Every structure is written in structure tokens, then in C-alpha cells.
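> Here it is: the structure, laid out below.
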Amino acid sequence: MMVDTKKSRGSKGPLAALSKGIGRYILILLGLAILDALGIWLLYLLIRDGAWPVATPIAVILILINVLNLSPKLFPIRWQIPAGAIVILIIIFPMVYTIYSAFTNYSDGHILSKQQAINRLAQDTYLPEGSQTYNWTAFRTEEGVFSLWLVDQGGEDYLVTLDTFQDAEPGEGIIGPADENGVPESLEGYQRLARLEVIKYLPELDGIQFGIYPDQVQIVDLDYAAPLVQRYSYDPELDTIIDEKSGIVYYANEDEGYYTSLEDQNLIPGYMVWVGVHNFERLFQSPAFRGPFLRIFAWTIAFAVLSVLTTFAVGLLVAIAFNDPDLKGRKLIRSLLLIPYTIPGIIGVLIWKGMLNPHLGLIPLTLERMIGWAPEFYNNPFWAKIGILLINLWLGYPYMMLISSGALQAIPDDIYDAAAVDGASGWQKFWNITLPLLLVSVGPLLIASFVFNFNNFSVIYPFLEGKPPMANTPTPAGHTDILISYTYRIAFEGGGGSDYAYAAAITIVIFFIVAVLTLIQYQYTRQWEEVSENV
Amino acid sequence: MKKKALSIVIAAILGLSLLLSACASAPEPTEVVVVEPTDVPEPTDVPEPTEVPELPKIVIWADETRSPIIEEVAALYAEVLGIEVEVVQLGFGDIRDQIKVAGPAGEGPDIFIGAHDWLGELVANGLVAEVNLGAKADSFFGPGVDAFTYDGVLYGMPYASENIAFFCNPDLLEEYSVARPETWDDVTAMSETIITASGGEVAGWTIQSNDPYHMLPLVSAYGGYIFGWTDAGYDAQDVGLDSEGGIAAANWLADMSTAGYVEAGVDYDVMHTLFEQGQVACIGTGPWALSRIRESGVAYEISAYPAGDATNGRPFLGVQGFMVSAFSENQLLAQTLLQEVVATDEFMQAFFDIDPRPSAWMPVREATADLDLAAFASAGSAGMPMPAIPEMSAVWSAAGNAEELIISGELGGEEAFMDAAEQIRTAIAEGN
């Protein structure tokens with residue numbers, strides 16, 4: 001039946017639309033035409049600027065939109081365009097881009113493209129030895145042509161234009177008489193610019209070489225002009241950069257993303273290059289991997305498992321407690337219990353961090369007063385772990401309560417009635433009926449929660465940044481560090497600043513670890529389903 | 001029919017929003033200008049005559065404290081100079097992150113404010129242009145200018161410098177009849193006296209755990225250092241935590257910990273609260289804490305850090321200043337604004353007034369009537385610029401963890417600092 005409907009709808013398409021009314025078809029074509037025009041213009045801009053990573057998904061989306069609207073076969077699924085576009089843009093594109101980055105050296109020192117790095121180096125100038133600086137005064141014609149009056153250190157005067165550089169004296173020819181500083185008051189055809197007046201013309205004067213080679217000057221600031229020379233010149237044919245000051249030649253080093261001299265000196269900034277599996281090799285050879293990796297991995301699993309178990313246990317308990325319809329005010333209480341869910345996680349963590357502060361925090365101070373002892377949540381490894389689990393419990397139980405309440409109401413009452421007839425106790429009912437049936441429906445959600453907590457950086461890092469520290473480790477590591485916070489440090493607190501490509505490679509490795517763990521757990525959920533079939 | 005129209009609208013909106021977001025980040029293509037100095041260059045094109053000259057525009061990025069001042073002053077000058085100035089307000093730390101993305105994309109500012117220790121990262125990424133102080137160079141605080149000099153090139157115009165200094169509560173010192181400590185050994189003796197006399201209610205000295213910034217004056221007093229200093233700046237190959245002086249400082253701290261004179265788990269808030277409530281006699285902190293300490297009403301006295309075997313404790317010097325983006329299309333104008341507008345008494349005074357910390361502009365620095373700030377300035381006279389080299393990122397966790405492990409008694413002084421130095425060397429070797 002379904003298939004038939006699809007077929008009959010599939011035979012409609014643009015032609016069917018045509019038969020229904022030409023206006024509708026034109027409307028589609030018009031819409032597509034406008035969209036394509038915009039899209040192609042956008043793509044042109046992006047590609048012109050070399051922004052391939054952004055241009056590609058947009059091109060794919062644009063092509064999809066056209067194909068889906070114009071092909072009679074695919075016309076029926078055109079409603080999926082928005083969903084498809086979103087999938088491409090926010091799921092596939094970031095994934096592809098992360099994977100791509102993991103194979104580059106995108107990191108501090110290599111964030112520019114090669115062209116950008118060459119452009120940046122082309123900006124550097126230097127003052128050749130023995131050349132002198134001048135004080136200058138600008139004159140401007142109404143057409144926007146500039147001349148400079150220069151006075152060198154020896155007091156000699158010069159008049160320079162874009163292509164002349166000559167000795168001059170005030171009062172000669174077109175040059176007006178000198179003012180008290182020896183600068184001519186006027187220049188025929190030109191208007192003299194006062195010191196502050198010239199500022200608004202600086203964008204026009206920026207970088208202009210006045211005079212003619214080899215007598216050339218550039219404006220350095222409001223006081224000086226000097227014969228500045230471009231320091232690095234690029235040779236596109238040999239792909240080399242020559243340092244005009246020292247004469248050193250730098251060759252493009254495509255392995256490391258630098259222009260490098262024969263003496264192994266690198267020009268700063270470097271640029272981004274493809275480095276293959278280098279980042280993965282680095283990770284597996286890193287001392288971070290030999291060191292506390294296993295301890296951190298074990299705690300990561302413990303943290304994720306315990307977080308799921310505690311939040312689920314408390315959430316289920318609360319759900320069962322407030323599942324009784326006879327309870328008065330249960331809606332209000334349930335709403336209040338949901339509050340942690342509505343507070344942004346990071347704020348919740350920071351509030352708890354304050355409450356657990358061993359010196360000023362509410363909880364340690366209260367315990368201290370009541371029993372004369374308080375756990376050191378900040379600097380004792382065991383209690384820090386308890387602290388983080390408590391925080392995560394508070395943050396996580398409302399979600400578990402929500403999903404459990406829903407699942408509880410879906411369990412048919414007659415099963416309980418049958419159990420009651422068989423003489424089952426309340427505990428037996430819970431253990432043999434409620435829990436297995438519940439797990440069938442919430443099991444996948446628990447696994448999702450495990451995966452989420454496995455990478456729950458936003459709880460671990462704001463609390464103690466992974467501290468308290470472990471002693472005697474080859475790289476800095478902490479007792480509450482989970483894999484993601486530990487590797488965050490490897491990527492961003494290494495010796496070379498932030499290493500985004502390395503971080504991307506680590507992310508991919510962690511993805512595989514989580515994927516394997518998730519697969520294993522799905523095997524277990526199958527068992528629950530078998531249980532439920534037996535009930 | 002309605003549905004179809006809707007789908008077209010959705011597709012159009014999606015397309016449009018893509019377009020807008022992409023336009024916002026589409027980088028301007030920049031032509032490479034390759035001038036061959038050996039050849040005779042063509043005369044540069046005559047600028048096109050402009051009918052109605054559009055006002056040149058300068059974009060400045062600044063934090064929330066300073067942007068109102070810049071806006072005000074810039075508006076005043078803009079009228080006189082005939083240029084347009086736009087101030088964009090960002091969190092101070094956000095400026096550092098955003099400049100990396102916005103600069104190369106052509107969306108960045110012409111001028112931005114920042115701290116000198118960002119330079120390693122900014123220079124490595126080619127984001128900043130050389131700054132020229134021109135005729136006003138001599139009016140700037142020398143160490144501030146040095147701090148903004150990276151590999152021999154000046155990249156910023158400093159406006160303020162800051163450093164931590166030693167705070168003691170004179171009332172407490174009097175109560176327990178101890179003198180203000182002149183050396184770190186005095187600190188030990190003072191701690192013993194005060195803790196014994198008060199039955200542990202009051203401590204002599206406390207320090208933020210896991211914070212190399214506040215620990216440096218102790219390490220440097222004994223001759224320890226983070227990175228060795230050469231004429232060319234800090235040398236990342238010379239890690240000095242496990243030098244003789246560094247170990248001596250670590251052992252001093254370990255002795256304090258063993259004796260129970262220094263507490264673990266202290267953070268910024270705890271340290272200040274303890275001081276403000278009169279529960280600790282001496283701490284080290286910076287000018288940013290002045291207002292809260294003054295408000296608390298606690299008695300305090302600011303001085304240089306105590307001395308160790310080598311010298312008086314030398315704090316890190318942090319310098320803030322204006323930098324010019326290498327991706328600015330108007331670098332000459334930006335430079336000129338800095339020289340003509342920022343490097344003036346009025347501007348620097350306004351900057352000082354809004355957020356008092358020792359000015360990097362000598363006329364304002366010397367005219368400071370605030371005794372506390374003068375004390376900070378003198379405590380910082382022997383300060384060392386915070387290393388700006390990118391390798392510094394490997395130091396914070398390693399050195400901080402070592403400090404925490406010593407204070408919590410988990411490791412001895414020597415072992416902790418040897419480990420930390422090794423961690424730093426490993427990270428640096430791996431990062432290169």
C-alpha cells in the first residue's frame with residue numbers, strides 16, 4: 001500500500017505540477033533560479049578566496065536541492081531537503097573537517113595558508129645600513145596627488161613626487177617662501193597639509209614609494225620618512241623567499257610548513273601543510289601514552305559507569321516514589337526536582353565547586369561543625385572523585401527521572417496484577433518486572449548517557465581541571481582527569497602552544513574507543529530484550 | 001500548494017542565511033605585492049581622485065573596562081582628525097582567541113589591546129605588525145617596552161604594567177610581636193610564632209596552590225627560574241626549576257609543608273578571604289585585589305617580596321599594551337593614532353583612572369599619588385617579564401602541580417621540582 005502511494009506520487013513531479021497549473025511550475029523554477037543565482041555567487045566568492053572547506057558542503061547542498069526538485073523520480077523526497085542540508089552542515093561537514101585537520105599541522109605557528117604566510121612576510125621592511133631618514137611635510141593637489149617636502153639630518157631640502165626626487169630651495173620656481181621651520185608655505189597647484197590634517201590621508205599614503213629608484217622614501221610615521229626596503233621577496237618559480245637584508249635564501253619545506261634556510265632556520269610565520277599520519281604517530285609514541293594513560297582510562301570508565309548508575313538509581317527512585325497518583329502535590333515536587341536540569345551545567349558545577357571548597361564551602365564547614373571532620377574535596381584524590389560524582393549526580397538525575405517516569409507508565413498494570421496473583425512481593429515485582437521492562441526502553445538511553453559522560457569535559461574541567469595532581473608522571477596528569485581533559489592538556493598545553501590538528505587526531509582516537517565500548521554494551525541490551533520477551 | 005511555497009521559502013531562507021554567514025567570514029583576497037629591490041620598480045599608481053572622500057576607518061578591539069574610554073577619546077579626536085573610529089568590546093582573554101581567527105579572515109581589528117605574554121603565539125602566527133614609538137619612545141616605562149619586544153622587534157605600545165607584591169597585616173604582626181619578614185626564613189619563623197601563639201587559628205603565610213605565577217617570587221629569591229634569560233630573550237632549552245636555586249626554594253616550601261605551616265587546597269578566593277578576615281598575616285597578590293582588600297577594611301602594608309639566598313623575590317612582570325594587526329589595511333594610520341592619540345598624557349591618565357595599575361607612560365607613572373601603587377611599582381622594579389615564548393604553555397600545569405604536590409606533602413621538594421622540570425622538557429621536545 002505504502003509502495004503504491006509512493007509510486008503514484010512519484011509519477012507526479014514537475015510534470016504533474018504542470019498539468020495542475022503552469023503557475024506552480026514556474027514558481028518552482030523561479031525559486032530555484034533565485035536560489036541558484038545566490039548560491040553560485042556565494043560559491044564564486046568562497047572559491048575565489050580559497051575557502052574550499054566551506055564551499056564544498058554548500059555546493060553539495062545546492063546540487064541536491066536542484067536534483068531533488070527537478071528529477072521526477074526524486075521529487076517526492078524533496079521535503080527532506082532542510083533535514084538533509086542540516087545533516088550535511090552540522091554533522092557531516094564538522095566530521096569531515098575534523099578528520100581532514102587531523103592529517104594537517106594546523107596549530108600555533110601554522111594557522112595561515114601558504115599564500116597568507118607569503119603575503120605576511122612581504123609586509124616586512126628594513127632600513128638599509130647607511131641610509132638616512134627625513135622629516136617630511138605633505139602637499140596635495142585637489143586631484144589627490146601628493147608631493148613631499150623632505151629635510152634630511154644634515155638640513156638639506158628635497159622635493160619628491162611619485163617619480164622625482166630632487167634638491168630644492170624654498171622660494172624657487174613653483175616653491176613658495178619658507179616658514180619659520182624652513183618648510184615652504186606653499187607649492188603651486190598643491191595645498192600644504194598640516195600635521196594633524198595629513199592623518200586622514202594616511203591610508204592613501206600608506207606604502208607609497210616616493211621618488212625613483214634608487215632614491216626612494218616611504219612614510220614611516222608623522223615625523224619621519226625613510227628609504228624602507230621590502231625585506232623578504234618571493235620567487236614564485238623556485239618557491240623560495242630571499243631575505244634581502246642578510247641574503248639568506250629560504251626554501252619551502254612542505255613537510256613541516258615553513259620556509260627553511262640551508263642552516264635549518266625557519267621563517268616565522270609558518271603555514272599549514274598536509275602531514276599524513278604524523279599526528280597519530282606522535283600520539284602513540286608520546287610519553288603521555290606510556291605514562292598514566294591506563295590509570296586515566298580506568299577512571300574514565302569508572303566515572304562514566306558510576307555516573308550512569310548513580311543518576312539512574314536516584315532518578316528511578318524518585319520516579320517510582322512520585323509515580324503514585326494518590327500522592328498530594330506530586331506535580332509541584334516533581335517540578336522542583338527538575339530544577340537542576342534547567343540550570344546551565346557549567347553554573348551548576350561552579351556552584352558546587354564553591355560548596356565543596358575545603359576552606360569556605362558550605363558542606364565541609366557544616367560537616368566540620370557537626371562531626372569535627374570534613375573530606376578534602378579539592379586535594380584528596382579519593383574525595384575529589386566522590387565530589388565530581390556527587391556533582392554529576394545532581395546534574396544528571398532529573399533526566400533519568402524524566403525518562404523513567406515515562407517508561408514506568410508504559411508498563412501494563414495487568415502484569416503486576418498477575419504477579420500479585422502469583423504472590424510476588426514488592427521487591428520481587430520491582431526486580432523481576434519493573435527493572436527488566438524499564439531497561440528495554442531506557443537501555444539505549446543509558447548507553448547514550450555513558451557515551452556522554454565518557455567525554456564529559458564540561459563537568460571535569462570547571463571543577464578542578466583534572467586535579468589533584470598525580471605524582472611522578474612524565475606529563476602533567478590529575479586524579480580526576482578523564483581521557484578528554486587529559487588529552488586536552490596534551491594538545492593545548494604542550495611546548496608549542498595550541499595544537500588543533502593534534503587535538504583532532506586525539507578526538508578521532510577517542511571516538512574509536514567510545515565506539516568499541518558502545519558496541520560491547522549493545523550486546524548487553526540484547527540480553528535485556530530477551531529477558532523482556534520471557535516476562 | 002502552501003507546503004510547496006513553504007519549502008521554497010525554507011530553502012531560500014537557508015540559502016540566504018548560509019550566504020550571510022559565509023559573507024561575514026569570507027576573507028578579503030589580498031594581493032601579494034612583490035617588490036624586487038634590485039630592479040627599477042614601476043612608479044606606483046597615482047591614487048584615484050575621490051569625489052566624496054570616504055572617511056578612513058580604524059577598528060579597535062578592547063575589553064569592557066577600557067572600551068568606553070577609548071570610545072570617548074577616539075570620538076573627540078576623530079572629529080579633529082577626520083577619521084572614523086569603531087570600538088568593539090570583547091572580553092580581554094577573548095581578544096587573544098578571536099584575533100587568531102578574525103585576523104587572517106580579514107575581519108579583524110586594526111588595533112587591539114592585549115598582554116605582552118601573548119606575543120609568542122601572535123608572532124608565531126604572523127598576526128601582529130611592528131609598532132613604532134617614534135619620538136615618544138623615551139616616555140615609556142623601559143621594562144614595559146622590553147616586554148613587548150619579541151626577537152628584537154617591538155610589537156606593542158605598553159599602557160600599564162602589573163606585578164604581585166607582598167602584603168602583610170601590620171595589626172596581626174604587632175599582636176604576635178613579629179617583625180615584617182625580610183627573608184623567607186623570617187617567614188618560617190613568623191609562621192611558627194603566630195601558629196603556636198594562636199593555637200592554629202591564625203597562619204603566618206599562605207599561597208595559592210597550583211599557581212606558578214604566585215610561586216615565582218619564592219623560586220627566584222633562591223636563584224631558581226623558569227627559563228634562562230639571554231640577550232635574545234628567554235631560552236626555552238634552559239629550564240631552571242631544577243636548578244640549584246629552584247631546588248632550594250622547593251625544599252623551603254617542603255619544610256613549611258612538613259611543619260604544617262602552609263595549607264593545601266587554597267585558591268584565590270580562599271587566600272584573600274583568609275587575609276581579609278585576619279586569619280593569615282602575609283600573602284602575595286596583585287593590584288587587581290586592591291579594591292577588595294580596601295573594602296574589607298583590613299590593615300595592610302605592601303612591600304617587596306622577602307629575600308632568599310640569591311636576591312629579593314622577583315615577581316613576574318605583566319605588561320598590557322596596544323598592538324597593530326598584521327592584517328590591517330591601514331597600518332600606517334593605526335600606528336599614527338597610537339603615537340598621536342594614545343601616547344598622550346590625557347589618554348594615559350584616563351586609562352590609569354579607570355583601572356588603577358602602574359602606568360607604562362612615565363609622566364603618569366611618576367605622578368601617581370597612590371602610595372599602594374607606588375609600592376607595587378617598586379616591588380616590581382626587579383620583576384622579570386613573564387615569558388612570552390610559546391613554550392610557556394608547557395610550564396603552568398607542570399610547575400603548578402609540583403607546587404601542589406609539595407604543599408599537600410605528597411612529594412618532597414627536590415623530587416617534585418625535578419619531575420616538573422622533566423615534564424616541561426618533555427613537552428617542549430615533543431612540541432617541536
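> How large is the direction-averaged shadow of the alpha-carbon convex hull of chain A, in nm²?
Convex hull of Cα atoms, orientation-averaged projection: 45.8 nm².
> While we're looking at this one, here's another question. Over the Cα atoms of segment B:334-403, what is the Rg over Rh ratio if Rh follows Kirkwood?
Rounded to two decimals, Rg/Rh equals 1.12.
> Which of rounded, prolate, oblate describes segment B:176-286, given a ≥ b ≥ c as roots of the alpha-carbon gyration tensor eigenvalues and a/c under 1.5 marking rounded, otherwise prolate only if a/b is larger than b/c?
Prolate is the answer for segment B:176-286, as a/c is 1.5 or above and a/b outweighs b/c.
> I would also like to ask the following. Using alpha-carbon positions, what is the distance between the centroids of segment A:70-90 and segment A:242-257, in Å?
What the calculation gives is 49 Å, centre to centre.
> Across peptide A:354-364, what mean number of C-beta atoms from other chains lies inside 10 Å of a residue's C-beta?
Other-chain Cβ atoms within 10 Å of each residue's Cβ, averaged: 3.
> So what are the ³J(HN,Hα) numbers for segment B:160-168, from phi and the Karplus equation (6.51, -1.76, 1.60; θ = phi - 60°), rounded to whole Hz, Gly and Pro as x?
Computed from phi, the couplings for segment B:160-168 are 8, 10, 8, 7, 8, 9, 8, 9, 10 Hz.
> Which is farthest toward the positive dipole end of segment A:213-309 among A:ILE219, A:SER246, A:TRP299, measuring Cα position about the Cα centre, with Cβ charges +1 (Lys, Arg) and -1 (Asp, Glu)?
It is A:TRP299, whose Cα lies furthest towards the positive end.
> Okay, helix-only estimate at 222 nm for the protein assembly as shown: each DSSP H run of n ≥ 4 adds -39500 (n - 2.57), divide by all residues, round to 500 deg cm²/dmol; what do you get?
So the calculated ellipticity at 222 nm is -15000 deg cm²/dmol.
> Kindly give Rg over Rh for chain B, based on alpha-carbon atoms, with the Kirkwood expression for the hydrodynamic radius.
In chain B, Rg relative to Rh is 1.06.
> So what J values fall out for segment B:106-120 if you push phi through Karplus, 6.51 cos²θ - 1.76 cosθ + 1.60 with θ = phi - 60°, rounded to Hz, Gly and Pro as x?
x, 10, x, x, 8, 10, 9, 9, x, 9, 5, 6, 7, 4, x
> Could you tell me which of A:ILE347, A:LEU327, A:LEU362 has its Cα farthest along the dipole of segment A:325-369 towards the positive end, charges placed at Cβ (Lys, Arg +1; Asp, Glu -1), taken about the Cα centre?
A:LEU327
> Label points 7 Å out from Cα along the Cβ direction at B:SER381 and A:LEU362: separation in nm?
Computed distance between label sites B:SER381 and A:LEU362 equals 4.9 nm.
> So if I restrict to the alpha-carbon atoms in segment A:215-372, what is the Rg, and what is Dmax, the biggest pairwise distance, in Å?
When restricted to Cα atoms, segment A:215-372 yields Rg and Dmax of 32.0, 97 Å.
> Viscosity 1.567 mPa s, temperature 4 °C: what is the translational diffusion coefficient of segment B:167-210 from Stokes-Einstein with a Kirkwood Rh over Cα pairs, rounded to a whole number of µm²/s?
For the chosen part, D equals 122 µm²/s.
> Right, here's the next one. Quick check: the angle from helix A:483-492's long axis to the longest principal axis of chain A, C-alpha only, nearest 10 degrees?
Here the helix axis deviates by roughly 10 degrees.
> How large is ³J(HN,Hα), in whole Hz, for each residue of segment A:433-444 in order, when computed from phi with the Karplus curve 6.51 cos²θ - 1.76 cosθ + 1.60 and θ = phi - 60°, using x for Gly and Pro?
Coupling constants for segment A:433-444: 10, 4, 4, x, 5, 5, 5, 4, 7, 9, x, x Hz.
> Next up: Below 8 Å between Cα atoms, with a sequence gap of 6+, how large is the relative contact order for chain A in percent? Provide the component values of the computation, followed by the final result.
Values: 688 pairs, mean separation 73.0, N = 535.
That works out to 14 percent.
> What does the extension gain come out to for A:SER186 and A:GLU169, with contour length at 0.36 nm per residue minus their alpha carbon separation?
That pair, A:SER186 and A:GLU169, stretches by 4.9 nm at full extension.
> Quick one: what do you get for the protein assembly as shown if you divide its Cα Rg by 2.2 N^0.38 Å?
Working: Rg = 34.1 Å, N = 967, 2.2 N^0.38 = 30.0 Å.
That works out to 1.14 for the protein assembly as shown.
> Follow-up question, since we're still on this one. Given +1 on the Cβ of Lys and Arg, -1 on the Cβ of Asp and Glu, and no further charges, what dipole in debye does the protein assembly as shown carry about its Cα centre, rounded to the nearest 20?
The calculation lands at about 7240 debye.
> Can you tell me the 0 to 90 degree angle between the C-alpha axis of helix A:293-321 and the longest principal axis of chain A, rounded to 10?
The two axes meet at around 50 degrees.
> List the longest stretch of chain A that has no exposed loop site; here a site is one of the trypsin sites (Lys or Arg not before Pro) assigned by DSSP to anything other than H, G, I, E or B, with at most 11 other Cβ within 10 Å.
A:329-535
> Another one. Using modelled amide H (1.01 Å from N, peptide plane; none on Pro or chain starts), what sits under 5 Å from the amide H of B:PHE140, excluding residues fewer than 5 places away?
B:MET362
> Assign unit charges at the C-beta atoms only (+1 for Lys and Arg, -1 for Asp and Glu), then state the dipole size of segment A:287-534 relative to its Cα centre in Debye, rounded to the nearest 20.
Working: 13 positive and 15 negative charges, 147 e Å.
The calculation lands at about 700 debye.
> Compute the long axis of helix B:244-258 from its Cα atoms, compare it with the longest principal axis of the Cα atoms of chain B, and write down the angle in degrees, 0 to 90, nearest 10.
For helix B:244-258, the angle is close to 60 degrees.
> Would you grab the residues whose amide H sits under 5 Å from the one on B:VAL128? Only those 5+ places off in sequence or on another chain, please, with H modelled 1.01 Å from N.
B:ALA326
> Let me ask another. Quick check: Cα centre of segment B:64-96 to Cα centre of segment A:307-385, how many Å?
If we compute the Cα centre of each part, the gap is 45 Å.
> Return the long-range amide H neighbours of A:THR125 (sequence gap of 5 or more, or a different chain), with a cut-off of under 5 Å between placed amide H atoms.
Residues meeting the criterion, in which the H sits 1.01 Å from N, are A:ARG231.
> Put +1 on the Cβ of every Lys and Arg and -1 on every Asp and Glu Cβ in chain B; which of B:PRO385, B:PRO109, B:ILE407 then has its Cα farthest towards the positive end of the dipole?
Checked the options; the winner is B:PRO109.
> Under a plain spin-label model, where a point goes 7 Å from the Cα along Cα-to-Cβ, how far apart in nm are B:VAL88 and B:GLU175?
That separation, rounded to one decimal, is 5.2 nm.
> Using all alpha carbons of segment A:125-230, what is the percent of pairwise distances in each 5 Å bin, ordered from the shortest bin to the longest?
It works out to 3, 12, 25, 27, 20, 9, 3, 0, in whole percents.
Quick note: the coordinates plus some simple rules give every number you see, no bench work behind them. None of the values given here were measured: they were computed from a predicted structure. Here Cβ is always computed from backbone atoms with ideal geometry, including for glycine, and neighbour counts include all displayed protein chains.
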